[in-house]
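Comments concern the structure below.
The values are calculated or read from the model by the stated rules, or taken from the named source; none is laboratory data. Owing to the predicted nature of the structure, the values given are computational and were not obtained by experimental measurement. Every residue, glycine among them, receives a Cβ derived from its backbone with ideal geometry; neighbour counts consider all protein chains shown.
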């Protein structure tokens, strides 16, 4: 089994948008209310009423989905060969070989105005991976595309990408 390449940079960011967590909590909370009402107080829900088994199954399913969504993290890893960034627990990581990167520079941005929000975004400014904050690294790719990686340590990440790129030549 091949050894894992040494990480030159590693960062894990939590998506901290509290309003998103509240909005995501509404469906499981509503179903939990229905389950308590139907199972605890014997007041059936719906016409015809939903079965107790279905209420329990849907409540557990929505709670599991909610917990999964609030534990998603933006993970950025840099090795000597590639930059990997992705929403761990929700989406596959995107791997960008260092030879495909022309330039990496730290930038300030407005997540909502420039990219339409948080998460994985695609727009006129290119692909963006944003968890929180207003700092990141903008990558100019050799194919003409752009990519933004949100980072709380943007300057360090940009420097390490360019150092690893020079070292790989």
**Prompt:** surrounded by 14 or more Cβ atoms within 10 Å (Cβ to Cβ) and under 22 Å from residue 132 (Cβ atoms), is that true of residue 17?
**Reply:** yes
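Might you check whether a residue that is closer than 30 Å to residue 166 by Cβ and exposed (fewer than 13 other Cβ atoms within 10 Å of the Cβ) occurs anywhere in the range 31-50?
Within the range 31-50, not a single residue is closer than 30 Å to residue 166 by Cβ and exposed (fewer than 13 other Cβ atoms within 10 Å of the Cβ).
Does residue 150 satisfy the criteria of being in contact with a strand residue (DSSP E or B) (Cβ under 9 Å, 6 or more places away or on another chain), within 28 Å of residue 20 (Cα to Cα), free of Cβ contacts under 8 Å to residues at least 40 places away in the same chain and not assigned by TED's automatic domain parsing to the domain that holds residue 39?
no
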**Message:** For the structure I just gave you, tell me whether residue 133 is out of contact with any helix residue (DSSP H, G or I) (no Cβ under 7 Å at 6 or more places or on another chain), surrounded by fewer than 17 Cβ atoms within 10 Å (Cβ to Cβ) and at positive phi.
**Reply:** yes
**Complete:** Residues of the range 85-115 being under 16 Å from the mean Cα position of the chain (by Cα) and surrounded by fewer than 17 Cβ atoms within 10 Å (Cβ to Cβ), in sequence order, are 88, 89, 90, 91, 92, 93, 94, 95, 112
**Complete:** Selection from the range 1-33 of residues in a helix (DSSP H, G or I), modelled with pLDDT of 90 or more and in contact with a helix residue (DSSP H, G or I) (Cβ under 8 Å, 6 or more places away or on another chain) yields 25, 27, 28, 31, 32
**Item:** Among the residues listed as 66, 118, the single one being surrounded by fewer than 19 Cβ atoms within 10 Å (Cβ to Cβ), within 17 Å of the chain's Cα centre (by Cα), under 27 Å from residue 21 (Cα atoms) and touching a residue at least 40 places away in the same chain (Cβ under 8 Å)
**Value:** 66
**Message:** With the structure loaded, tell me whether residue 113 is within 28 Å of residue 69 (Cβ to Cβ), in contact with a helix residue (DSSP H, G or I) (Cβ under 6 Å, 6 or more places away or on another chain) and without any contact (Cβ under 8 Å) to a residue 24 or more places away in the chain or whether it fails that test.
**Reply:** no
